[in-house]
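Take a look at the structure set out below.
The values are calculated or read from the model by the stated rules, or taken from the named source; none is laboratory data. Computed from a prediction, not measured in an experiment: that's the story for all the values here. Ideal geometry is used to build each Cβ from the backbone, glycine not excepted, and the neighbour counts take in all protein chains shown. Side chains are part of the model used for accessible areas, which takes the heavy atoms of the whole protein and leaves out ligands, DNA and RNA. Shrake-Rupley method; radii C 1.70, N 1.55, O 1.52, S 1.80 Å.
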Amino acid sequence: YPLLVKLYTATLKHAGYELEVVTDGKTGLERVRAGGHGLILLDVMLPGMDGLSILKELKSAPAIETNGPILVMTNLTGGAIEQEAMSLGAVECIDKSKLKSDVLIEKVKRYLLDA
């Protein structure tokens, strides 16, 4: 997990994106609620509070509207977890096991332009 965070962080920074990295769910929820994020990449598996629980919290008490879309990242795409994430407001579920750097950059670029 820490290796993927470092890889995604380096990839996005190298592409010129500014980002804030949070590695636990409770802190992530606080930051999303504070607002001001153009795009949120949310992992399902996080210590303290998982990504689906964060989405549930946001749905019951929405974050400040200054946040952009939420992309959920997981190795468990195509099933109940993906369906639940989408029903809770995620715009896409990304399969981390198949994610390549160029695809990550393309998705980030697309969603930031659409926001």
Would you calculate the separation in nanometres between label points at Ala61 and Glu18, each defined as 7 Å from the Cα along the Cα-to-beta-carbon direction? 2.8
One would report the antiparallel percent of DSSP beta bridges in the chain, rounded to the nearest 5, as 0
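Can you give the longest stretch of the chain with no exposed loop site, where a site means GluC sites (Glu not before Pro) in a DSSP loop (not H, G, I, E or B) with at most 15 other C-beta atoms within 10 Å?
After excluding every exposed loop site, the longest remaining stretch is 66-115.
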Can you pull the percent of the chain's accessible area that's carbon plus sulfur, 1.4 Å probe, other chains left in place? 56
Quote the relative contact order of the stretch 22-115 in percent (integer), defining contacts as alpha-carbon pairs under 8 Å separated by 6+ residues. 28
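Averaged per residue, what accessible surface does the chain expose to a 1.4 Å probe, in Å²?
Details: 6730 Å² over 115 residues.
Here the residues of the chain average 59 Å² of exposed surface.
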Cα centroids of the stretch 1-45 and the stretch 48-115: how far apart, whole angstrom? 11
Grab the DSSP H runs of the chain that are 4 residues or longer, score each as -39,500 (n - 2.57), total them, divide by all residues and round the 222 nm result to the nearest 500 deg cm²/dmol. -14500 deg cm²/dmol
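According to the Kirkwood expression over distinct Cα-Cα pairs, how big is the hydrodynamic radius of the chain, in Å?
Working: mean 1/r = 0.0703 Å⁻¹.
One decimal place: 14.2 Å for the Kirkwood radius.
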